[in-house]
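J.: Handing you this structure, nothing more for now.
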Amino acid sequence: MSGPIGDLVLDADVLMSLVASGRVGEILSACSYRGVVCERVERETLWIETDTPGSRVAVDFLSLEASGAIARIAAAGAEVASFLEFAREVDDGEAEAIAIASHRRLTFATDDRRATRAAVRLGIYVVDTPLLVTRWAAVSADSVAAADAIERIETRARYRPAASHPLAGEWAKLSKERPLLAS
């Protein structure tokens with residue numbers, strides 16, 4: 001797949017996982033998306049952890065935007081009223097992202113079960129971190145890069161799919177492709 005075919009409204013959890021992977025642009029591009037980030041999601045995505053325990057680094061939205069991996073957007077008009085309605089069910093970032101995805105007929109990316117249920121109920125197509133990462137891994141065919149990205153997501157964003165997730169087995173298989181380093 002080459003170039004984005006559509007905008008993907010990201011929630012904070014998916015955005016942090018993609019940033020933590022160190023390959024946000026590659027992953028989104030391989031899945032034919034450009035990430036879009038609303039104001040409340042940006043406010044919720046301030047930092048990710050580093051490889052040093054207890055250390056973290058700020059998410060650089062200017063660089064992500066300059067690279068074309070993401071675009072920053074704002075809710076407007078009826079989206080604001082919808083946000084207020086959805087905020088009764090889910091956190092503010094997810095509520096704003098769902099409102100934008102609903103009104104603009106965009107795909108929504110979340111790992112949150114409540115947000116997924118709310119979006120699906122509205123007819124919004126939903127993707128999650130495991131789907132994006134495993135699609136990218138299949139397209140890139142670079143098992144070492146995929147394993148490295150998964151390790152970074154698990155350590156820096158503290159995300160791993162639940163054992164019951166349909167792609168948990170594929171995720172685990174990809175994460176084991178990392179070569180062992182000689183001591």
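The values are calculated or read from the model by the stated rules, or taken from the named source; none is laboratory data. What you see is a predicted model; the values in this text were computed from it and never measured. Neighbour counts run over all protein chains shown; Cβ positions are idealised from the backbone, glycine included.
J.: Would you point out which residue out of 161, 166 is more than 14 Å from residue 27 (Cβ to Cβ) and loosely packed, with under 14 Cβ neighbours inside 10 Å?
T.: On the way: 161 fails: loosely packed, with under 14 Cβ neighbours inside 10 Å.
That would be 166, the only listed residue that is more than 14 Å from residue 27 (Cβ to Cβ) and loosely packed, with under 14 Cβ neighbours inside 10 Å.
J.: List the strands (runs of 3 or more DSSP E) that sit entirely inside region 17-66 and contain at least 3 residues that are touching a residue at least 12 places away in the same chain (Cβ under 8 Å) and farther than 18 Å from residue 139 by Cα.
T.: Details: elements: 33-38, 47-49, 56-58.
Result: 33-38, 47-49.
J.: Of everything in region 145-158, what is more than 15 Å from the chain's Cα centre (by Cα) and surrounded by fewer than 23 Cβ atoms within 10 Å (Cβ to Cβ)? Give them in sequence order. So that I can check it myself, show each step before the final result.
T.: In the first step, residues of region 145-158 are kept if they are more than 15 Å from the chain's Cα centre (by Cα); the result is 145-148, 151, 155.
The answer is 145, 147, 148, 151, 155.
J.: Oh, and also: With the requirement that a residue be in contact with a helix residue (DSSP H, G or I) (Cβ under 7 Å, 6 or more places away or on another chain) and either among the β-branched types (Val, Ile, Thr) or surrounded by fewer than 18 Cβ atoms within 10 Å (Cβ to Cβ) (or both), what does region 118-134 give you?
T.: Within region 118-134, 122, 124, 126, 129, 133, 134 meet the criteria.
J.: Further, regarding this structure: What helices (runs of 4 or more DSSP H) lie completely within region 86-168 and have 1 or more residues being touching a residue at least 60 places away in the same chain (Cβ under 8 Å) and among the hydroxyl-bearing types (Ser, Thr, Tyr)? Before you say what the answer is, go through the steps one by one.
T.: Values: elements: 92-104, 113-121, 129-140, 143-156.
Of the helices (runs of 4 or more DSSP H) lying wholly inside region 86-168, those with at least 1 residues that are touching a residue at least 60 places away in the same chain (Cβ under 8 Å) and among the hydroxyl-bearing types (Ser, Thr, Tyr) span 129-140, 143-156.
J.: Given the conditions (1) among the acidic types (Asp, Glu); (2) exposed (fewer than 13 other Cβ atoms within 10 Å of the Cβ); (3) more than 22 Å from residue 154 (Cα to Cα), and given that residue 60 satisfies all but one, which numbered condition is not satisfied?
T.: Among (1) among the acidic types (Asp, Glu); (2) exposed (fewer than 13 other Cβ atoms within 10 Å of the Cβ); (3) more than 22 Å from residue 154 (Cα to Cα), the lone unmet condition for residue 60 is (3).
J.: Among what's in region 83-117 and is closer than 15 Å to residue 35 by Cα and aliphatic (A, V, I, L, M), pick the residue that is surrounded by the fewest Cβ atoms within 10 Å (Cβ to Cβ).
T.: 106
J.: Within region 106-117, is there a residue that is more than 17 Å from residue 18 (Cβ to Cβ) and either small (Gly, Ala, Ser) or in contact with a Pro (Cβ under 7 Å, 6 or more places away or on another chain) (or both)?
T.: No, region 106-117 has no match at all.
J.: Something else now. Would you please list the contacts, defined by Cβ atoms under 6 Å and residues six or more apart or on different chains, that run from a residue in region 71-82 that is farther than 11 Å from residue 42 by Cα and without any contact (Cβ under 8 Å) to a residue 40 or more places away in the chain to a residue that is part of a loop (DSSP other than H, G, I, E, B) and among the acidic types (Asp, Glu)?
T.: Listed pairs, sorted by first residue: none to list.
J.: Checking the structure you have, find out if any residue of region 1-16 is buried (at least 17 other Cβ atoms within 10 Å of the Cβ) and among the hydroxyl-bearing types (Ser, Thr, Tyr).
T.: Checked against the condition, which is being buried (at least 17 other Cβ atoms within 10 Å of the Cβ) and among the hydroxyl-bearing types (Ser, Thr, Tyr), region 1-16 yields no hits at all.
J.: Quick one: how many residues across region 135-144 are surrounded by fewer than 19 Cβ atoms within 10 Å (Cβ to Cβ) and either small (Gly, Ala, Ser) or modelled with pLDDT of 95 or more (or both)?
T.: In the first step, residues of region 135-144 are kept if they are surrounded by fewer than 19 Cβ atoms within 10 Å (Cβ to Cβ); the result is 135, 138-144.
Filter once more, keeping what is either small (Gly, Ala, Ser) or modelled with pLDDT of 95 or more (or both): 135, 138, 140-141, 143.
Of the residues in that region, 5 qualify.
J.: Just the residues that are of a type in the set (Gly, Ala, Ser) and surrounded by 19 or more Cβ atoms within 10 Å (Cβ to Cβ), please, taken from region 68-82.
T.: Initial filter on region 68-82 (of a type in the set (Gly, Ala, Ser)): 68-69, 71, 74-78, 81-82.
69, 75, 82, listed by residue number.
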